[in-house]
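For reference, the structure discussed in these notes is given below.
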Amino acid sequence: MSAKKLFLDFLKPKSEYTNRLSYDDLVNAESEIGRTLFGPIPVGHQREFFQHRKNIWIWYERFIDAAGVAQEMTIRYEVRPAGVFKKVGGNGYQKIEGDELDNFRNAAKKYLELVKLKLYC
């Protein structure tokens, strides 16, 4: 069952759908919600934002740049007792602070609210 079908058929309670979907289906459905948090996605771009595990969040973006070269970026956020840390590509973890931390917290909060409202209520 596609995630779009999940959102289009309002005749059955949402819980009937979520009980039949696989883990991957649910991650994809959640990611469809998460990718909308940051405004319109430019043509030719792919964006994903989702909670992978309780303390792990993933941001993924893929696009073709002005030179026609495919660009891809994955950021992994880890929420730890000592703060929120990000890992970009194969680099090490760096603690995020200030506006970046505020932006992450706001995005995660909005994501959880929308996923709960649109998918699991």
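Going through 33, 41, 75 one at a time, which residue ends up being under 16 Å from the mean Cα position of the chain (by Cα), at pLDDT 95 or above and either surrounded by 11 or more Cβ atoms within 10 Å (Cβ to Cβ) or not aliphatic (A, V, I, L, M) (or both)?
The match here is 75.
Restricting to the stretch 44-62, give me the number of residues that are part of a strand (DSSP E or B), open to solvent by 60 Å² or more (accessible area, probe 1.4 Å) and either of a type in the set (A, V, I, L, M, F, W, C) or closer than 17 Å to residue 113 by Cα (or both).
Qualifying residue count for the region: 2.
Pairs only if they're at least six apart or on different chains, beta carbon under 7 angstrom, first in the stretch 33-61 and on the phi > 0 side of the Ramachandran plot, second of a type in the set (A, V, I, L, M) and open to solvent by 30 Å² or more (accessible area, probe 1.4 Å); list them, first residue then second.
Between residues of the stretch 33-61 that are on the phi > 0 side of the Ramachandran plot and residues that are of a type in the set (A, V, I, L, M) and open to solvent by 30 Å² or more (accessible area, probe 1.4 Å), the close pairs are 44/64.
Name the one entry in 107, 70 that is of a type in the set (A, V, I, L, M, F, W, C), touching a strand residue (DSSP E or B) at 6+ places or on another chain (Cβ under 9 Å) and surrounded by fewer than 15 Cβ atoms within 10 Å (Cβ to Cβ).
So the residue among 107, 70 that is of a type in the set (A, V, I, L, M, F, W, C), touching a strand residue (DSSP E or B) at 6+ places or on another chain (Cβ under 9 Å) and surrounded by fewer than 15 Cβ atoms within 10 Å (Cβ to Cβ) is 70.
Tell me, please, whether a residue that is assigned to a helix (DSSP H, G or I) and either at pLDDT 95 or above or open to solvent by less than 80 Å² (accessible area, probe 1.4 Å) (or both) can be found in the stretch 80-99. Spell out how you get there, then give the answer.
Filtering the stretch 80-99 down to residues assigned to a helix (DSSP H, G or I) leaves 98-99.
Adding the requirement that they be either at pLDDT 95 or above or open to solvent by less than 80 Å² (accessible area, probe 1.4 Å) (or both) leaves 98-99.
Yes, the conditions are met somewhere in the stretch 80-99.
Of all residues in the stretch 42-72, which are closer than 18 Å to residue 103 by Cα and hydrophobic (A, V, I, L, M, F, W, C)? Full working, then the answer.
Of the stretch 42-72, the ones closer than 18 Å to residue 103 by Cα are 47-51, 55-61.
Selection gives 49, 50, 56, 57, 58, 59.
The values are calculated or read from the model by the stated rules, or taken from the named source; none is laboratory data. Bear in mind that the values here come from a model prediction, so they are computed numbers and not experimental data. Counting neighbours? That spans all protein chains shown, and the Cβs are built from the backbone with ideal geometry, glycine included. These area figures cover heavy atoms from the full protein model, side chains too; ligands, DNA and RNA do not enter into them. Shrake-Rupley method; radii C 1.70, N 1.55, O 1.52, S 1.80 Å.
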